[in-house]
Amino acid sequence: MLSALLVMAGVAIVLGAILGFSAIKFRVEGNPLVDKIDAILPQTQCGQCGFPGCKPYATSIAGGESEINKCPPGGEEGIQKLAELLGVEPIPFGGDTEIKPKAVALIDEDNCIGCTLCIQACPVDAIVGAAKQMHTIVESECTGCELCVAPCPVDCISMPPIEEKITNWKWKYPVYSLARVN
Amino acid sequence: MPSRLVIPFKQHGGEASKPQVKAGDHVLKGQLIGMPEGYISGAIHAPTSGTITAIDEQPVAHPSELPDLCATLIPDGKDEWIQLEPVDYREHTSEVLQQKLRMAGVVGLGGATFPSDIKLRTGKYKINTLILNGAECEPYITCDDLLMREHAPEILRGAEILRHVLDAGEVLIGIEDNKPEAIEAMRQEIAELGFDFDVVAVPTIYPGGGVKQLIKVMTGLEVPSGKLPNEIGVQCFNVATSRTIFRALELGEPLLSRIVTITGNVRHPGNYDALIGSPIDELIAGVEKLPDTNGYIMGGPMMGIRLPSVEVPLVKATNCIIAISDKLFPPAPPALPCIRCTRCVEVCPVELQPQDLYWFSKAKEFGKAQTFSLFDCIECGACSYVCPSHIPLVQYFRFAKSEIRVRALEKQNADKARERHEFREYRIEREKKEKAERLAAKEKAALAAKEKAALVAQEGAAASTTEPPAPTSTEAALPKE
C-alpha cells in the first residue's frame, strides 16, 4: 500500500517537474490568438476599424472588445474567416460601410509640392521622396489604405482602382444555363 | 507573306520580354525586338525585315479577351536576314548553350511554351532518359506528324544536341500508333544518321501527348505530384522544339515561324508554315472557310480557346486553328445537376476525383479542393467531355485554381505589408528614442560647458583654448542597437 502511494507520488512529482519546466522553456511569446486573427486581416493598415493598424484591431478582437465586422478591406470573406476561427456567428457590415474595389494611390507628379506629409502618413513606407522634391508611390508596396489622401495640401493624390489586365486576370466563376426538368 | 505582323511580347511561360525597338525603327529578319526579363522568359524576334509601325496594346489570343503589348511590323518584302551566328554545341558548356537558346527565343512548341533553356538546367538531377514527344496534343492537330515526315533529320540532330547537353543515357521517341508514316520516316532517318535512338509507338488515347502521361506510358515511371520530370531522371521535349533547337544552334536562326494545322470547317485543311505574328484572318483567307463557319478555336478542340476575333496574331503556342460551325461543334446542351455517376473518375488521366473537385470548386471550398490535388489537374477536358450532365467541369477547376493562386499572392502581399508596417513602427520608436538621447546629451554638454566656463572665468587664465570641448552631441547620440 505504502509503496504504491510512494510510486504514485513519485510519478506525480516527476511529471509535475517536466510540466513546470516545459511551461518555462517552451513558453509561447505573445498571444497566439492575436497572431491568428492578424493573419486573416488584410494588412492594409488603413485604420478604418478605428484602430491604428491591423495588429491593434486583432488584439482588440482577441480580447473580446471589438466586433468582427469592422474591416471593410477584408470583405465578407474576412468576416467569414474570423467567425470560423473564433467560433462565432458571422455578422454583416454596418449600413454605412462602403466596400471599394482594390486601388493603389497615384500622385499627380506635376502638382506635387514635395511637402512630405503623405510620406509621414503612409503606414507601409510605400512613398518615396524628399522635402521640396517630387514624391512617388511604390506601387508594389501600396496597400490602398487612403491614409495619404487626406494630408495632401494640394489634393494631388488619387486612388484609381486596379484595372483588370492580362497579367492579373483570373478565371471567372462559370456561368451557364441549366436545363429545366419537367 | 502577310501584309502586317503583330508580335506579342509575351508568347512564353514566365515574364514578358522587354521591347528593344520603337515605332519607326527598321528591323531585319531575326533581329531581337524583345529582351527576356527575369529567370523564366524568352526573347522575341522580328520574323521578317520591315518597319515597326507601333508598339501598343493589341488583341491577342487569351481566354480573358484582353489586349496585350505587341509590336506591329509592316514587312518590306525583302526578307533580309541579320548576320547569323551558329555555334558548335560540342565546343560549349551547357550554360553557354542555354543562354544562346534563351536569346534565340526557343520555347516548347507543344503548346505550353515553356522556355527550353530552363529545361536544360537539370541542377542536381541526373537525366537518364530523354523523350521526344511526337504524340499530338489533341485530336485534329497534325502539325507534329507532318514535321516528323518532312523534317526528320533536323528533329533527330536536335535530339542528339539535347542528349549531349543533358548527358542522357537513352533517347526514346514516342509517336502515336496512328502515324505509321511518321514512325517509318523517323526510323529510316535514325538508321541513316547512325544514332542509337528508339522509336516507340504509343497508343493513340487522348491525352497521351501530355508530358506526364507520355512519360508513364513510355518508361513506366510516374512523375510524383508537384514534381517535375527531371526529378525522376526524365526530360521531355516536343519534336518541333527539338528541330528549333537544332536550327538555333547549328544555323543560328532564332524561332521565327512554326508549323500550324489549319482545319475544321475550311475548304483546304492542312499544315502551313506560318511566321510568328501572322494575323489569323489572313491565314484563314488562304484556306477558304466554308459559309456556315461561326467561330475559331486556337489549339485543339479539347483545350483550345475560342478566339475573340480573327485579327489576333499567330503566336509560338499556336499549334492549330480550327474553324467551327454548329454542325462540327454543336453548342453544349444546358447543364443538368451532377448525379455522381463517376464517369469523370474513369476517364481522368491523373486519377483525380473530378466530381469531388467540382463540389469543392462550386462551393468555393478551395482548401479542400487543394487537398484533393486540384493542382495535379492538367485541364485536359476529358471529364467535361464524358459528363452526361454536360457540366463544364474544367471551367470550375480553372476558376478554383486561379482563385487559389490569387489568394496565395494576396497573402504574400499582406505578409510583406505587415513586415513593412512593423518595421516602420520600430523605426519611429527608435527615432524617438534617439532624439530623446540626443537632447539629453546636448543638455548635459551644455551644462558641462557652462560649468567649465565658470571655472575658466574663475581662474582667469588663457587655458580655455587648449581644453578639449565636451563630447559632441552626435557622438553621444549614437544608438546602442
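Residue count for the range B:372-412 satisfying the condition of being exposed (fewer than 15 other Cβ atoms within 10 Å of the Cβ) and within 8 Å of another protein chain (Cβ to nearest Cβ): 4. May I ask you to verify whether B:ALA43 is free of Cβ contacts under 8 Å to residues at least 60 places away in the same chain and crowded, with 17+ Cβ neighbours inside 10 Å? Judged against the criteria, B:ALA43 is not a match. The criterion of being at pLDDT 90 or above and either of a type outside the set (Lys, Arg) or part of a loop (DSSP other than H, G, I, E, B) (or both) does not hold for A:ILE99.
Per-residue answers, yes or no, for (1) surrounded by 20 or more Cβ atoms within 10 Å (Cβ to Cβ); (2) closer than 22 Å to B:ILE280 by Cα; (3) under 23 Å from the mean Cα position of the chain (by Cα):
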site: B:LYS10; (1), (2), (3): yes, yes, yes
site: B:PRO19; (1), (2), (3): no, no, yes
site: B:ASP25; (1), (2), (3): no, no, no
site: B:PRO36; (1), (2), (3): yes, no, yes
site: B:THR48; (1), (2), (3): yes, yes, no
site: B:ILE52; (1), (2), (3): yes, yes, no
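Looking only at the range B:1-46, residues that are of a type outside the set (Lys, Arg), assigned to a strand (DSSP E or B) and in contact with a Pro (Cβ under 9 Å, 6 or more places away or on another chain) come to 12 in all. Here is a list: B:GLU85, B:GLU65, B:GLU91, B:GLU95. Which entry is acidic (Asp, Glu) and within 14 Å of chain A (Cβ to nearest Cβ)? Only one candidate qualifies: B:GLU65.
Every residue, every condition in (1) within 18 Å of the chain's Cα centre (by Cα); (2) closer than 22 Å to B:VAL260 by Cα; (3) part of a loop (DSSP other than H, G, I, E, B); (4) not aliphatic (A, V, I, L, M), yes or no:
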residue	(1), (2), (3), (4)
B:THR204	no, yes, yes, yes
B:GLY208	no, yes, yes, yes
B:LYS212	yes, no, no, yes
B:LEU221	no, no, yes, no
B:GLU231	no, no, no, yes
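Among the residues examined, A:GLN45 qualifies as crowded, with 16+ Cβ neighbours inside 10 Å, in contact (Cβ under 8 Å) with a residue 12 or more places away in the chain and within 12 Å of chain B (Cβ to nearest Cβ). The residues of the range B:367-410 that are assigned to a loop (DSSP other than H, G, I, E, B) and free of Cβ contacts under 8 Å to residues at least 40 places away in the same chain, listed by number, are B:PHE372, B:CYS377.
In the range B:1-30, the residues that are at positive phi and more than 14 Å from chain A (Cβ to nearest Cβ) form Cβ pairs under 6 Å with partners that are surrounded by fewer than 21 Cβ atoms within 10 Å (Cβ to Cβ) and among the hydrophobic types (A, V, I, L, M, F, W, C), at six or more places apart or across chains, as follows: B:GLY30/B:TRP81; B:GLY30/B:ILE82.
Of the residues A:LYS132, A:LYS100, the single one that is in contact (Cβ under 8 Å) with a residue 60 or more places away in the chain and more than 14 Å from chain B (Cβ to nearest Cβ) is A:LYS100. Confirm whether B:ALA71 is in a strand (DSSP E or B), surrounded by fewer than 17 Cβ atoms within 10 Å (Cβ to Cβ) and more than 14 Å from every other protein chain (Cβ to nearest Cβ). No: the conditions fail for B:ALA71.
The values are calculated or read from the model by the stated rules, or taken from the named source; none is laboratory data. In this text, all values refer to a predicted model and were calculated from it rather than measured experimentally. Quick reminder, even Gly has a Cβ in these numbers, built from the backbone with ideal geometry, and neighbours come from all protein chains shown.
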